[in-house]
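What follows is one structure encoded as C-alpha cells, with my remarks underneath.
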C-alpha cells in the first residue's frame with residue numbers, strides 16, 4: 001500500500017480503540033487498568049474490554065496480540081472483524097474498492113452495508129471454536145462456497161474449482177470436500193476454517209487462538225501452514241494468542257495486553273528476550 | 001359506499017391491510033408485518049390470503065378462487081362460499097380471464113394474466129431464509145444486508161449431491177434485484193410467470209403476519225448459477241418426449257400425475273379452467289364435457 005508521495009501506508013491504523021460493556025461512566029477509564037488491577041469499573045460496574053488501544057499494521061505483516069484470558073485480545077479481534085462496535089476510537093483500514101480505486105474506511109464507524117462488504121470481501125477470521133467459524137450443517141466445500149458466493153462469484157464450476165483448490169492448499173484431502181465439518185478432526189476443522197477465511201482473498205486475516213486445544217504436532221502443522229500462506233499471498237494478519245510459542249514463530253511485532261490496555265509493544269524478539277513491563281516479564285518467565 | 005367498510009373485515013382492519021399492501025408494492029419483495037386477524041377458518045388454511053382478498057374486494061369485483069389449480073376442491077369452495085357470503089355484490093367465476101381478483105393456493109393460472117388483475121397467494125412460510133437460518137432477528141439482518149449466500153449454498157449442495165437443484169416448489173426468487181422472496185409453494189413451472197407479469201401479485205401469510213408483493217412488470221429472477229440455468233418441470237416420458245394432458249391434449253401446461261386403479265398412470269392439466277377452455281374451444285358445441 002503506497003500513498004501518492006510514494007510512502008508505504010499501514011493497512012490498519014487503530015487509534016484509541018475503546019470498548020466498554022455496560023452503561024459506562026466518566027471515571028471508567030481512570031478507575032480501571034493496570035494500576036487498579038481490574039477492568040471492571042468500581043463505580044458503575046461496566047466492563048472495560050478495551051481502553052485506548054492504538055497500533056499500526058503494515059501490508060504483509062503479522063502482528064501478535066498476547067495476553068491472559070480477559071485481557072481484551074478477542075474483543076480487539078471482534079472489533080476488527082466488525083462483529084462488535086467500538087465505544088470510542090478509530091481503526092482506519094486502507095485497501096481497494098471493487099473497482100480497484102483506493103479506499104480508506106474507519107472500521108469503528110462503518111454502516112451495515114460497508115461492514116458486510118468488508119467482512120465478505122476484505123476481511124477473514126479464523127475462530128478458536130470451529131462452531132463459530134463453520135456451518136456444520138453443510139459440507140466443507142459448501143462452507144468455502146458460502147464465502148465465495150458472498151464475494152460475488154456466480155459460477156458453480158468456478159466455486160467448486162476454487163473450493164477444491166483451497167482445501168488442497170490447506171492440506172485437506174480433496175476427497176473430503178463433500179464431508180461435513182462434524183466428520184473432521186479438530187486440526188482439519190481449523191484447516192477448513194483457514195480455507196474458508198482465505199476464499200475471497202482478504203487483505204487482512206484475523207486469527208483468534210487458532211491452535212488452542214490442538215495437540216503439539218497438529219499445532220506445528222497449522223502454524224507452518226499459516227506462515228506458508230502468508231508468504232504466498234502476502235496477506236496481513238493479526239494473531240491473537242496466549243501462547244508465547246505462537247507469537248515467537250509467527251509474529252514480527254507483538255502487543256501485550258492486560259485489563260484491556262496495551263501494556264507493551266514492540267518487536268517480538270525484543271519483547272520475549274528483554275521484556276520491560278512487569279506483566280510481560282511475568283508472562284515470559286511463566287512460559288519458561 | 002365507504003371502501004373501508006365492506007365485507008367481513010372491520011374498517012380498521014381493512015385500512016391497515018390496504019396500507020400494508022401499498023407498502024409491499026412500494027418495496028417489492030419486502031415482508032411487511034401486519035396485525036393478522038382471527039378468521040373463521042384455522043391458521044394455515046389460507047387466512048393470510050383471505051384477509052388480503054377481504055381487504056381488496058369491492059362490489060364491482062369478480063372473484064376466482066383456486067386450490068392447486070382446481071376451482072372445486074374443498075378449500076377453494078369453502079373460501080369462495082365465505083367470501084361471497086360476506087361481500088355482497090361480488091360475483092364469482094371460474095374463468096381466469098373474467099376475474100379481477102384471483103385467490104390461489106399454490107398455483108398461477110396457465111392463462112396469461114392481464115393488467116388490472118390481482119393475484120392473492122396463500123403463503124405458509126413467507127421467509128425464504130427460514131430453511132437456512134432459524135433465528136428471525138438474524139434473518140431480518142440478512143435481508144437488510146442482502147445476504148442470501150446461504151440460499152446459494154443450498155443450491156450448491158443440491159448440485160453436488162444430486163447434480164441438479166432439488167427444490168420442487170417455494171423456489172427462492174430475487175425481486176427487482178433486491179429482496180429474495182419465497183413465492184409460496186407454487187411449482188417451479190409457475191415462477192417464470194411472475195417475471196414482468198402484467199398483474200399485481202400479493203402474498204399473505206396469516207400465521208406469520210406478513211404481506212409482500214410483486215408489482216406489475218417487475219423483474220423476478222429465480223436464484224441460479226450462471227452456468228447452471230434455472231429449469232422448470234419437464235414432464236418427460238421414458239422415450240424423451242413430453243407427457244400430454246389425456247383430457248385436452250395440452251403438452252405445454254403443468255400436469256398432474258394420476259395413478260390408475262389397475263396400475264399405470266395418466267397425466268392431466270392441473271389448471272382446471274385452462275383444460276376446460278381448451279376442450280370447449282375444440283368441441284363443436286363450444287362447451288366442456
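What follows draws every value from the coordinates through simple rules; no lab data is involved. Keep in mind that this is a model prediction, so the values were computed, not measured. With ideal geometry, Cβ positions are generated from the backbone for all residues, glycine too; neighbour counts draw on all protein chains shown.
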- prompt: Is segment B:237-284 best put as rounded, prolate or oblate by its Cα gyration tensor, with a ≥ b ≥ c the root eigenvalues, rounded for a/c under 1.5, and otherwise prolate when a/b is larger than b/c, oblate when not?
  reply: prolate
- prompt: Under the Kirkwood approximation applied to all pairs of distinct alpha-carbon atoms, what is the hydrodynamic radius of segment A:137-185 in Å?
  reply: 10.8 Å
- prompt: For B:53, B:104, A:110, what's the fewest-to-most ordering of other Cβ within 10 Å of each Cβ?
  reply: A:110, B:104, B:53
- prompt: Using a Gaussian network for chain B with springs between C-alpha atoms less than 10 Å apart, which of these wobbles most: B:261, B:222, B:185?
  reply: B:261
task: Give the angle, between 0 and 90 degrees and rounded to the nearest 10, that separates the Cα long axis of helix A:278-287 from the longest principal axis of the Cα atoms of chain A.
output: 50 degrees
field: Relative pair counts by distance (%), Cα atoms of the protein assembly as shown, 10 Å bins
entry: 3, 15, 20, 19, 15, 12, 9, 5, 1, 0, 0
- request: Please determine, in degrees from 0 to 90 and to the nearest 10, the orientation of helix A:156-169 with respect to the longest principal axis defined by the Cα atoms of chain A, where the helix direction is its Cα long axis.
  value: 60 degrees
field: Separation of the residue B:10 and residue B:60 label points, Cα + 7 Å toward Cβ, nm
entry: 2.9 nm
message: Give the separation of the Cα centroids, segment B:17-61 to segment B:179-254, in Å.
response: 21 Å
- line: Calculated from DSSP helices alone, with each H run of at least 4 adding -39500 (n - 2.57) and the total divided by the residues of chain A, [θ]222 nm to the nearest 500 comes to -10500 deg cm²/dmol
task: Could you line up B:15, B:80 from fewest to most neighbouring Cβ atoms inside 10 Å?
output: B:15, B:80
- request: Can you pull a Stokes-Einstein diffusion coefficient for chain B at 10 °C (1.306 mPa s), Rh from Kirkwood over Cα pairs, as a whole number of µm²/s?
  value: 79 µm²/s
task: Note the angle between two axes, namely the Cα long axis of helix A:216-233 and the longest principal axis of the Cα atoms of chain A, as a number of degrees from 0 to 90, rounded to the nearest 10.
output: 80 degrees
message: Just to be sure I understand the curve: with the Debye formula and one point per C-alpha of segment A:175-244, what is log10 I(q)/I(0) at q = 0.16 Å⁻¹?
response: -0.58
query: In whole Å, what is the distance between the alpha-carbon centres of segment A:201-271 and segment A:1-77?
result: 17 Å
- line: Given a Förster distance of 35 Å, the FRET efficiency implied by the Cβ-Cβ spacing of residue A:233 and residue B:144, rounded to the nearest 0.05, works out to 0.65
query: Just how far, in whole angstrom, is segment B:153-174 from segment A:119-158 if you go by their alpha carbon centroids?
result: 18 Å
query: With each run of n ≥ 4 DSSP H residues scored as -39500 (n - 2.57), what mean residue ellipticity at 222 nm is computed for chain B after dividing by its residue count and rounding to the nearest 500 deg cm²/dmol?
result: -8000 deg cm²/dmol
Difference of contour (0.36 nm per residue) and Cα-Cα distance, residue A:285 to residue A:212: 24.3 nm
Contact order normalised by residue count of chain B, Cα under 8 Å, 6+ apart, percent: 20 percent
message: Only Cα pairs within less than 10 Å get springs; with that Gaussian network setup on chain A, which residue of A:220, A:91, A:108 has the largest fluctuation?
response: A:220
message: What distance in nm lies between label points placed 7 Å from Cα along the C-beta direction at residue B:233 and residue B:131?
response: 1.6 nm
- line: Relative contact order in percent for chain A (Cα pairs under 8 Å, 6+ apart) equals 24 percent
field: In nm, spacing of pseudo-spin labels at residue B:260 and residue A:164 (7 Å Cα→C-beta vector)
entry: 4.6 nm
message: Could you list B:158, B:273 so that the one with the fewest beta carbons within 10 Å of its beta carbon is first and the one with the most is last?
response: B:158, B:273
field: residue B:111/residue B:85 FRET efficiency (R0 25 Å; Cβ-Cβ; nearest 0.05)
entry: 0.40
message: Just to verify a number: FRET efficiency for residue A:277 and residue A:179, C-beta to C-beta distance, R0 = 35 Å, to 0.05?
response: 0.15
